[in-house]
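The values are calculated or read from the model by the stated rules, or taken from the named source; none is laboratory data. Values in this document were obtained by computation on a predicted structure and should not be read as measured data. Counting neighbours? That spans all protein chains shown, and the Cβs are built from the backbone with ideal geometry, glycine included.
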Amino acid sequence: MYWQVTRGAELGRTHAPLPEVPRTVFAFCAPLPVTSAATLANGVSCVTAQDTRWARCDIKSTALLANVLLRQLAVDAGAAETILLRDGELLEASASAVHVVLDGEILMPPNSRRILPGTTRGVVEELAARLAVPCRSASVSEAQLRAAEEVWISAATREVQAVTSLDGHAVGSGRPGRLWQRVYAELQRYKQELAGTPW
């Protein structure tokens, strides 16, 4: 289920967020996408691009034109996602969080105004703790991204997927990595636990 609440619509062109404007609520239901067996076995390919979004990426907004244009770069390249770089550092992807494995440790760029905090990203942190796998927020350079043992993308509609190709070059062995396999399996166990939890 997807819910979207905006400041509402008002007559005229006054852009101030007036408190008396009734909020607009929009919602829809759709089946949750299931990751294909081929994606689980082979991972996904991604491309990189310079981040051209506005300066407040931490705000969940319906103004997603820059994200849409960046995602289209991946579609045009036959890739799953566009991973975003700014000033030589990894940020996130056009519609996903990015996780990088270096020396057996999971790294994620710190939350800031340049990154939309991700619920699934937070779940990955919880799962890493359950598995006793080192995991932390830290700046990740473009060079570190390209030299990583494993790269993953995560989002509510894609769970956690292994990136096995970046800009046409293999990530690590070019196959989903062992750490990703552990985290993905733990995610499936965690979902089963939640499914048995009463509201």
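Tabulated values for the structure
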{"quantity": "Odd one out for ALA9 among (1) over 16 Å from SER139 (Cβ atoms); (2) modelled with pLDDT of 90 or more; (3) part of a loop (DSSP other than H, G, I, E, B); (4) touching a Pro at 6+ places or on another chain (Cβ under 9 Å)", "calculated": "(2)"}
{"quantity": "Qualifying residue in region 156-167 (condition: crowded, with 21+ Cβ neighbours inside 10 Å and hydroxyl-bearing (Ser, Thr, Tyr))", "calculated": "yes"}
{"quantity": "Tally, over region 122-155, of residues that are in a loop (DSSP other than H, G, I, E, B) and touching a residue at least 60 places away in the same chain (Cβ under 8 Å)", "calculated": "0"}
{"quantity": "Residue within region 73-94 that is among the hydroxyl-bearing types (Ser, Thr, Tyr) and either assigned to a helix (DSSP H, G or I) or within 19 Å of GLN161 (Cβ to Cβ) (or both) present", "calculated": "yes"}
{"quantity": "Check on SER112, at pLDDT 95 or above, surrounded by fewer than 14 Cβ atoms within 10 Å (Cβ to Cβ), within 18 Å of the chain's Cα centre (by Cα) and within 22 Å of VAL68 (Cα to Cα)", "calculated": "yes"}
{"quantity": "Residue list for region 66-103, restricted to those being on the phi > 0 side of the Ramachandran plot and in contact with a helix residue (DSSP H, G or I) (Cβ under 7 Å, 6 or more places away or on another chain)", "calculated": "GLY88"}
{"quantity": "Restricting region 145-155 to residues that are among the aliphatic types (A, V, I, L, M) and within 23 Å of LYS191 (Cα to Cα), the residue that is surrounded by the fewest Cβ atoms within 10 Å (Cβ to Cβ)", "calculated": "ALA155"}
{"quantity": "All positions within region 165-194 that are small (Gly, Ala, Ser) and assigned to a loop (DSSP other than H, G, I, E, B)", "calculated": "GLY168, GLY172, SER173, GLY174, GLY177"}
{"quantity": "Test: residue in region 25-41 that is at pLDDT below 90, within 30 Å of GLN188 (Cβ to Cβ), among the hydrophobic types (A, V, I, L, M, F, W, C) and surrounded by fewer than 16 Cβ atoms within 10 Å (Cβ to Cβ)", "calculated": "yes"}
{"quantity": "Region 44-72, subset under 14 Å from LEU90 (Cα atoms) and of a type in the set (S, T, N, Q), residue surrounded by the fewest Cβ atoms within 10 Å (Cβ to Cβ)", "calculated": "GLN50"}
{"quantity": "Residue within region 186-198 that is surrounded by fewer than 18 Cβ atoms within 10 Å (Cβ to Cβ), of a type outside the set (Gly, Ala, Ser) and more than 28 Å from CYS29 (Cβ to Cβ) present", "calculated": "no"}
{"quantity": "Among (1) within 17 Å of SER154 (Cβ to Cβ); (2) in contact (Cβ under 8 Å) with a residue 60 or more places away in the chain; (3) assigned to a strand (DSSP E or B), the one test that VAL100 misses", "calculated": "(2)"}
{"quantity": "Tally, over region 159-176, of residues that are closer than 21 Å to GLY122 by Cβ and either at pLDDT below 95 or not charged (D, E, K, R) (or both)", "calculated": "4"}
{"quantity": "From the options CYS46, CYS29, residue that is touching a helix residue (DSSP H, G or I) at 6+ places or on another chain (Cβ under 8 Å), in contact (Cβ under 8 Å) with a residue 24 or more places away in the chain and of a type in the set (A, V, I, L, M, F, W, C)", "calculated": "CYS46"}
